[in-house]
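Report on one structure; see the data block that follows.
Only the coordinates and a few stated rules stand behind these numbers; no lab work does. Given the structure is predicted, the values throughout are model-derived calculations rather than measurements. Glycine also receives a Cβ, built like all others from the backbone with ideal geometry; neighbour counts cover every protein chain displayed.
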Amino acid sequence: MDLQAVVDSLPRYGEPLLTTIVVTVASAAFALVVAFALGLMTSSKHLAIRTPARAFVEFIRGSSAVVQLFWFAFAMPVLLGIQFDYLIAAGIIALGLNYGAYSSEVVRGAIAAVPKGQLEAATALNLTPLQKMRLVVLPQAWPEMIPSLCAFAIMLLKASALVSIIGVMDITALAGLIGSQAGQDRLVHYSVVLVMYFILAWLIWTGMRALERKAKRGLGVDVKPVKGRLAPEVAAGGVR
């Protein structure tokens, strides 16, 4: 193995790395929209709204993400005449729908966890259903969603490598391509990609943790206890 050849090939990861980031960010944004839409619909008391949403969620979760990628990239243009100008768009939509369907259960569960007393108080204040959701339910449910959404975002980052199977050149595809060339080592290049994914995952985790702390501070919850300081009850001599 020629180490200099490996080092010289590293700049070639620039554009594929950008592709991986774009696919991850765009898919995550689309998945968040899908998750909230489906989560709110499956939380509805109306059967006509809840049933189609539940059927769609179970269908998406019950089918393979790989098959969904092939469907949007190759089957849809033939069967429905819908052609994407860029295959990356098909990848973003497929991954966004897939992880949006999974994340919708996070949204539904967080909404269901809001105490009923809060809703009763909102009703007593004569708030409309939209006002209840915007002013009472979502501000309390959102911080509870963030840890699970963070996990799904990291899973989505790793799943972004699947776009390589429909012809999109990301860092995983490039590692295999360069690693198969003379003077290169595929194991080394896959190790480089492994480090890249780790750094991107760490950035997602850090950003989501900061978002969670901000959301909880908005509710008056301190998520970073002060070290070396007793709880107020203990400092006062115990709970009475």
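Relative to the longest principal Cα axis of the chain, at what angle does helix 47-62 sit, 0 to 90 degrees, rounded to 10?
30 degrees
In region 3-222, if the dipole is taken from +1 on Lys/Arg beta carbons and -1 on Asp/Glu beta carbons about the Cα centre, which of 87, 150, 220 is farthest to the positive end?
Going by the Cα projections, it comes out as 220.
Taking a spot 7 Å from the Cα of residue 58 along the direction of its beta carbon, which residues of region 74-105 have an amide N less than 19 Å from it?
Under cut-off, by backbone N: 98-105.
Give me the extension gain from residue 177 to residue 219: residue separation times 0.36 nm, minus the current Cα-Cα distance, reported in nm with one decimal. Before the final figure, lay out the partial values.
Numbers: separation 42, 0.36 × 42 = 15.12 nm, distance 4.96 nm.
Length gained between residue 177 and residue 219: 10.2 nm.
Between 0 and 90 degrees, rounded to the nearest ten: what's the tilt of helix 186-218 against the longest Cα principal axis of the chain?
Approximately 20 degrees, to the nearest 10.
Per-residue HN-Hα couplings for region 67-83, Karplus 6.51 cos²θ - 1.76 cosθ + 1.60 at θ = phi - 60°, whole Hz, x for Gly and Pro?
Per-residue couplings from phi come out as 5, 5, 4, 5, 4, 5, 7, 10, 6, 4, x, 7, 7, 10, x, 9, 10 Hz.
Quick check for me: using +1 on Lys/Arg Cβ and -1 on Asp/Glu Cβ, what's the dipole size of region 1-133 about its Cα centre, in debye to the nearest 20?
760 debye
As a footprinting exposure proxy, order 66, 78 by other Cβ within 10 Å, with the fewest listed first.
Placing the least packed residue first, the sequence is 78, 66.
Going toward the positive end of the dipole of the chain, with +1 on Lys and Arg Cβ and -1 on Asp and Glu Cβ, which of 6, 123, 207 do you reach last?
Value: 123.
For a protection proxy built on the mean count of beta-carbon atoms within 10 angstrom, sort 91-102, 132-143, 33-44 highest first, please.
Packing order, densest peptide first, comes out as 91-102, 33-44, 132-143.
Normalised by the number of residues in the chain, what is the relative contact order in percent for Cα pairs under 8 Å and 6+ residues apart?
The normalised contact order for the chain reaches 25 percent.
How large is the convex hull of the C-alpha atoms of region 95-143 per residue, in Å³?
71 Å³
Can you give me the relative contact order of region 55-112 as a percent, contacts being Cα pairs under 8 Å and 6 or more apart? Write out the running numbers ahead of the final one.
On the way: 32 pairs, mean separation 26.3, N = 58.
Here the relative contact order equals 45 percent.
For region 159-165, take each phi angle, set θ = phi - 60°, evaluate the Karplus expression 6.51 cos²θ - 1.76 cosθ + 1.60, and give the result in whole Hz per residue in order, putting x for glycine and proline.
6, 4, 5, 5, 5, 5, 6
Evaluate Rg over Rh across the chain, taking Cα atoms for both radii and Kirkwood's formula for Rh.
Values: Rg = 22.8 Å, Rh = 20.9 Å.
Taking Rh as the inverse mean 1/r over Cα pairs, Rg/Rh reads 1.09.
Rounded to the nearest 500, what is the chain's calculated 222 nm mean residue ellipticity when only DSSP H runs of at least 4 contribute -39500 (n - 2.57) each, over all residues?
Computed mean residue ellipticity for the chain: -22500 deg cm²/dmol.
At a Förster radius of 30 Å, what calculated FRET efficiency corresponds to the Cβ-Cβ distance of residue 51 and residue 22, to the nearest 0.05?
After rounding, the FRET efficiency stands at 0.30.
Taking every pair of alpha-carbon atoms in region 1-140, what share in percent sits in each 5 Å bin, from 0 to the bin with the longest distance?
Pair shares across the bins are 2, 9, 13, 15, 14, 12, 10, 9, 6, 5, 3, 2, 1, 1, 0.
Mind checking the dipole of region 3-222: about its Cα centre, +1 per Lys or Arg Cβ, -1 per Asp or Glu Cβ, Debye to the nearest 20? All intermediate terms of the calculation are to be shown ahead of the outcome.
Numbers: 16 positive and 11 negative charges, 165 e Å.
The dipole magnitude comes to about 800 debye.
Would you be so kind as to identify which of 73, 97, 43 lies farthest towards the positive end of the dipole of the chain, taking Lys and Arg as +1 and Asp and Glu as -1 on Cβ and the Cα centre as origin?
Working it through, the farthest residue towards the positive pole turns out to be 43.
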